Amino acid sequence: MKYIAIDLGLKRIGLAYSAHKDIVTPLPAIIRKNRNQAATEVKKVLQEWEVEAVVIGIPLGGSSEDEMHRRIAHFMNLVAFEGEVFYQDEAGSSLEAENLMKGEIKYIRDGRVDSISAMIILQRYLVQK
């Protein structure tokens with residue numbers, strides 16, 4: 001099955017792809033200008049990679065979980081993705097991604113950390129599956 005993980009943020013949307021359980025690849029992040037532009041770009045990526053399922057990072061168990069579920073459902077409705085959507089706890093994935101990025105010459109907020117975070121979210125999901 002072909003998966004894309006989404007680390008949905010207000011400024012950047014991290015993406016990662018897997019067609020094989022042992023290999024997850026970060027993709028270029030989407031810089032979010034507005035909700036409709038972001039949804040259109042995510043939809044293009046899902047079509048380009050012929051994705052069958054989406055795994056979305058969400059903070060599980062926190063006070064914002066219900067609100068995040070609502071926002072994510074609204075965003076995915078705009079994307080109009082017809083495949084399966086799964087939720088994966090994203091706790092600590094951004095910090096873990098930043099730690100993996102240490103050693104980079106300069107830390108630029110270009111979405112690399114967001115896509116590595118999406119990669120971590122997808123790896124967690126695939127290990128549990």
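If Gly83 meets every condition in (1) buried (at least 19 other Cβ atoms within 10 Å of the Cβ); (2) over 12 Å from the mean Cα position of the chain (by Cα) apart from one, which number is that one? With (1) buried (at least 19 other Cβ atoms within 10 Å of the Cβ); (2) over 12 Å from the mean Cα position of the chain (by Cα) applied to Gly83, the lone miss is (1). Here Ala91 meets the list (1) surrounded by 14 or more Cβ atoms within 10 Å (Cβ to Cβ); (2) at pLDDT 90 or above; (3) of a type in the set (A, V, I, L, M); (4) assigned to a loop (DSSP other than H, G, I, E, B) almost entirely, failing just condition (2).
Identify the residue in segment 26-57 that is among the basic types (Lys, Arg) and either in contact with an Asp or Glu (Cβ under 7 Å, 6 or more places away or on another chain) or surrounded by fewer than 16 Cβ atoms within 10 Å (Cβ to Cβ) (or both) and, among all such residues, is nearest to Ala80 (Cα to Cα).
Residues of segment 26-57 among the basic types (Lys, Arg): 32-33, 35, 43-44.
With either in contact with an Asp or Glu (Cβ under 7 Å, 6 or more places away or on another chain) or surrounded by fewer than 16 Cβ atoms within 10 Å (Cβ to Cβ) (or both) added as a condition, the list becomes 33, 35, 43-44.
On the way: Lys33: 19, Arg35: 13, Lys43: 7, Lys44: 11 Å.
Of everything passing the filter in segment 26-57, Lys43 is nearest to Ala80 (Cα to Cα).
Checked across segment 58-69, the condition of being modelled with pLDDT of 95 or more, touching a Phe, Trp or Tyr at 6+ places or on another chain (Cβ under 9 Å) and surrounded by 18 or more Cβ atoms within 10 Å (Cβ to Cβ) holds for no residue.
Taken together, the residues in segment 19-78 that are under 19 Å from Gln128 (Cβ atoms) and of a type in the set (Lys, Arg) amount to 1.
For Gln123, the criteria (1) at pLDDT 90 or above; (2) under 11 Å from the mean Cα position of the chain (by Cα); (3) of a type outside the set (Val, Ile, Thr) hold in every case but one, which is (2). Looking across Leu78, Leu100, one residue alone is in a helix (DSSP H, G or I), farther than 22 Å from Met1 by Cβ and at pLDDT below 85. It is Leu100.
The values are calculated or read from the model by the stated rules, or taken from the named source; none is laboratory data. Model, not experiment: these values are computed from the prediction. Note that each Cβ is placed from the backbone with ideal geometry, even for glycine, and that neighbours are counted across all protein chains shown.
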